[in-house]
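S.K.: Quick one: structure below, then a few questions.
The values are calculated or read from the model by the stated rules, or taken from the named source; none is laboratory data. Since the structure is predicted, the reported quantities are computational estimates derived from the model, not experimental observations. For neighbour counting, all protein chains shown are included, and Cβ atoms are generated from backbone atoms with ideal geometry for every residue, glycine included. What goes into the accessible areas is simple: the full protein's heavy atoms, side chains included, and nothing from ligands, DNA or RNA. Shrake-Rupley method; radii C 1.70, N 1.55, O 1.52, S 1.80 Å.
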Amino acid sequence: LLIPALLAVAGCGRPAATPATASGVRVVSLAPNITEIICALDGQDMLVGRTSVCKYPPAVVDKIPIVGGFGTPSLEMLLSLKPTLVLEVDFEDKTMSQKIDSLGLTRKRIPCRNLEDVPAAILTMGELLHREDKARELASNMNARLAVLRGTIRTNAPSVYVEIWND
């Protein structure tokens, strides 16, 4: 009788502390491209949450908790992770962004609708994660590669349809 009572009292203590990251920045990524950029900036140590579709790099799959689906995070899960920053893409439905704001969480939208937006997104995220040098290097490399690709594109190339998402 004493052991179950002690176990019950022990379970009613304070919740376990949420581990701090070395930088103090705790990021939740709400899109796969954001997760990949965070990791490319060597910011995996700051990543505390991701969506179910954030599956690259493979290391995040095993280590980083899922907060919900793409564009549909669980608000309770978001709060439980105690993020200092929630990063999202430009969702068509602004309702979720408003809900995140209403929770008092710091949220930043990272525009990334086309390939030309990626270097700017890298630079913005570099500033937010205090990885400016790495971000400038990555963005510069990407701009150089894009310039090479633009130089090789035929002007009479056929139109092509590519479906990225079926929704």
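S.K.: Compute, for Lys82, the solvent-accessible surface of its heavy atoms (probe 1.4 Å) with the complete set of protein chains present, and express it in square angstrom to the nearest 10.
M.R.: Spelled out: Lys82, probe radius 1.4 Å, area about 110 Å².
S.K.: Right, something else. Provide the solvent-accessible area of Cys112, counting protein heavy atoms only and rolling a 1.4 Å probe, rounded to the nearest 10 Å².
M.R.: 30 Å²
S.K.: Okay, moving on. Leaving out same-chain residues fewer than 8 places away, which aspartates and glutamates sit with a Cα under 14 Å from that of Lys108?
M.R.: Leaving aside aspartates and glutamates fewer than 8 places away in the same chain, those within reach of Lys108 are Glu88, Asp90, Glu127.
S.K.: If each of Asp45 and Asn33 carries a label point 7 Å out from its Cα toward its Cβ, how far apart are those two points in nm?
M.R.: Output for this residue pair reads 2.8 nm.
S.K.: Does anything in the stretch 108-135 have its amide N under 11 Å from the 7 Å Cα→Cβ label point of Ile164, and if so which residues?
M.R.: 112-118
S.K.: Using all C-alpha to C-alpha distances in the stretch 98-167, build P(r) with 10 Å bins and read off the rounded percent in each one.
M.R.: Taking all Cα pairs of the stretch 98-167, the binned fractions are 16, 31, 31, 16, 5, 0 percent.
S.K.: Per residue of the stretch 30-37, what does 6.51 cos²θ - 1.76 cosθ + 1.60 with θ = phi - 60° give for ³J(HN,Hα)? Whole Hz please, x for Gly and Pro, Karplus curve as stated.
M.R.: 9, 7, x, 5, 5, 4, 5, 5
S.K.: Now for a different question. Quick one: P(r) of the stretch 40-130 from all Cα-Cα pairs, 5 Å bins, percents rounded to integers, in order of increasing distance.
M.R.: 2, 12, 23, 26, 24, 11, 1
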